[in-house]
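One structure is given here, and the rest of the page talks about it.
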Ligand code: ADP
Ligand code: GN1
Ligand code: MG
């Protein structure tokens, strides 16, 4: 066993996990944290599994506040789920505490946490069957509804201005100007794509500021692989990746799901002819999300759903491009130009949405 694995075992053993650690393997396809699956042996050949995660400090500057949010939200969700007759051990994330009680472990300036593994469910990287996408929509909508009376003032802002598209454009323009990696000259077309849409970046921010759409407690990172779908029922059993639960707009949660899940291609597809916004999936998600929110979305929010989809996609592309220009320090990359490939899929998706705009609006309005 390599040293690294021995170190991981040593870290996992700090937590109140059950049984003897049998294996620790890298797990999942998240772009932010380092995630490991820990399998423990119990008596009589049974096993118990956990997720061990190293929190990304470049992204989350304050792990203590991050874990205060996560423990606050998971405890709140567990209580609600219990009241509603559900299973709080499976339908919400469960933080496993340290043997001496804390919620995270610090070692050599790295920060670690453990969750109970949600068994009997999968997180998907692509939509295989339309029903899966529909069920993810219902679950993300319900998640937001469950958090409707969460004390928002107690949440720390784990990433300031996370979906503030005005601020994102400013940061993007600074990255273009600094051009730290001397990459800007080769991506003029992509840079222009953002500049042509700068005015759009104000739309939702202005509506929130004017009180035309409500500020809610939202997940803010609702891509398909941040939900566990139950093997037996196919339903979204547990929303995971709670690092960005903060005050935001319902349109962010809706839009980010469309950005990722209604795309006919992968987020990092090189062949852009495979990228488009699938209107059937768009319609299914729209219906499911509105249902999941249980009547809590306002008429204005429903009318603005297509704008949520477009702006979350534009924002994400802009974030990938910013990271590319700055030297790939934020998102994990697995090949050179990975962030540029991701940028291009997002912008192709935005363009396709613009071409289908009337249809998208008709679909949203048919849900009023
Ligand atoms: P990141 O912020 O890097 O995306 P996530 O918290 O989303 O990290 O975890 C990465 C992946 O690990 C998820 O997409 C999912 O596949 C898996 N995962 C995370 N937490 C759990 C859990 N409690 N049970 C099962 N799988 C999980
Ligand atoms: C990141 O953590 P993950 O992989 O679920 C990112 C999202 C982006 C997404 C793009 C905290 O999500 O905002 O939309 O990548 N999360 C954070 O795939 O920045
Ligand atoms: Mg994730």
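Residue-wise test of (1) in the same structural domain as residue 54 (by TED's automatic domain parsing); (2) crowded, with 18+ Cβ neighbours inside 10 Å; (3) touching a strand residue (DSSP E or B) at 6+ places or on another chain (Cβ under 6 Å); (4) under 24 Å from residue 285 (Cβ atoms).
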position: 329; (1), (2), (3), (4): no, no, no, no
position: 332; (1), (2), (3), (4): no, no, no, no
position: 337; (1), (2), (3), (4): no, no, no, no
position: 340; (1), (2), (3), (4): no, yes, no, no
position: 344; (1), (2), (3), (4): no, yes, no, yes
position: 348; (1), (2), (3), (4): no, yes, no, yes
position: 354; (1), (2), (3), (4): no, no, no, yes
position: 357; (1), (2), (3), (4): no, no, no, yes
position: 360; (1), (2), (3), (4): no, yes, no, yes
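Quick one: which of 269, 232 is under 23 Å from residue 115 (Cβ atoms), out of contact with any strand residue (DSSP E or B) (no Cβ under 7 Å at 6 or more places or on another chain) and surrounded by fewer than 21 Cβ atoms within 10 Å (Cβ to Cβ)?
After ruling out the rest, the residue left standing is 232.
Of all residues in region 246-259 being within 18 Å of residue 76 (Cβ to Cβ) and away from ligand 2 (no atom under 11 Å from the Cβ), which is surrounded by the fewest Cβ atoms within 10 Å (Cβ to Cβ)?
As a first pass, look at region 246-259 and keep what is within 18 Å of residue 76 (Cβ to Cβ): 246-248, 253.
Of the ones still in play, those that are also away from ligand 2 (no atom under 11 Å from the Cβ) are 247-248, 253.
Details: 247: 16, 248: 22, 253: 26.
Filtering first and then ranking leaves 247.
Which numbered condition in (1) surrounded by 14 or more Cβ atoms within 10 Å (Cβ to Cβ); (2) outside any helix (DSSP H, G or I) is the only one that residue 143 fails?
(2)
Is there any pair with a first residue in region 155-171 that is not assigned by TED's automatic domain parsing to the domain that holds residue 70 and outside any loop (DSSP other than H, G, I, E, B) and a second that is within 16 Å of ligand 1 (Cβ to nearest atom) and at pLDDT 95 or above whose Cβ atoms are under 6 Å apart and which are 6 or more apart or on different chains, and what are they?
Partner pairs satisfying both residue conditions: none exist.
Suppose we filter 169, 70 for residues that are surrounded by 15 or more Cβ atoms within 10 Å (Cβ to Cβ), more than 19 Å from the chain's Cα centre (by Cα) and at pLDDT 95 or above; which single one remains? First the steps, then the outcome.
Values: 70 fails: more than 19 Å from the chain's Cα centre (by Cα).
Answer to the check: 169.
Looking at (1) more than 17 Å from residue 127 (Cα to Cα); (2) buried (at least 24 other Cβ atoms within 10 Å of the Cβ); (3) touching a residue at least 40 places away in the same chain (Cβ under 8 Å); (4) within 16 Å of ligand 3 (Cβ to nearest atom), which is the only condition residue 240 fails?
(2)
Just give me the residues in region 19-75 being on the phi > 0 side of the Ramachandran plot and within 15 Å of ligand 2 (Cβ to nearest atom), in sequence order. Steps first, please.
Taking region 19-75 as the starting set, the residues that turn out to be on the phi > 0 side of the Ramachandran plot are 19, 28, 44-45.
Within region 19-75, 28 is the sole residue that qualifies.
Return the pair list, or none, for Cβ contacts closer than 6 Å from residues in region 206-228 that are at pLDDT below 95 to residues that are more than 16 Å from ligand 1 (Cβ to nearest atom), at least 6 apart or on different chains.
Going by the 6 Å Cβ cut-off, there are no qualifying pairs.
Residues being more than 16 Å from ligand 3 (Cβ to nearest atom) and either surrounded by 15 or more Cβ atoms within 10 Å (Cβ to Cβ) or at pLDDT 95 or above (or both): count how many of those fall in region 8-43. Spell out how you get there, then give the answer.
Pass one, region 8-43, residues more than 16 Å from ligand 3 (Cβ to nearest atom): 8-25, 38-43.
Okay, now just the ones that are also either surrounded by 15 or more Cβ atoms within 10 Å (Cβ to Cβ) or at pLDDT 95 or above (or both), so 8-25, 38-42.
The number of residues fulfilling the criteria is 23.
Could you run through region 297-322 and say how many residues are free of Cβ contacts under 8 Å to residues at least 60 places away in the same chain and either over 20 Å from the mean Cα position of the chain (by Cα) or within 10 Å of ligand 2 (Cβ to nearest atom) (or both)?
3
Any idea how many residues of region 180-198 are closer than 12 Å to residue 324 by Cα and surrounded by 14 or more Cβ atoms within 10 Å (Cβ to Cβ)?
Step one: of region 180-198, the residues closer than 12 Å to residue 324 by Cα are 180-184, 186-187, 190-191.
Among the residues that remain, those that are also surrounded by 14 or more Cβ atoms within 10 Å (Cβ to Cβ) are: 183-184, 187, 190-191.
Adding up the residues that qualify gives 5.
The values are calculated or read from the model by the stated rules, or taken from the named source; none is laboratory data. It should be emphasised that the depicted structure is a prediction, and the values quoted were computed from it without experimental measurement. With ideal geometry, Cβ positions are generated from the backbone for all residues, glycine too; neighbour counts draw on all protein chains shown.
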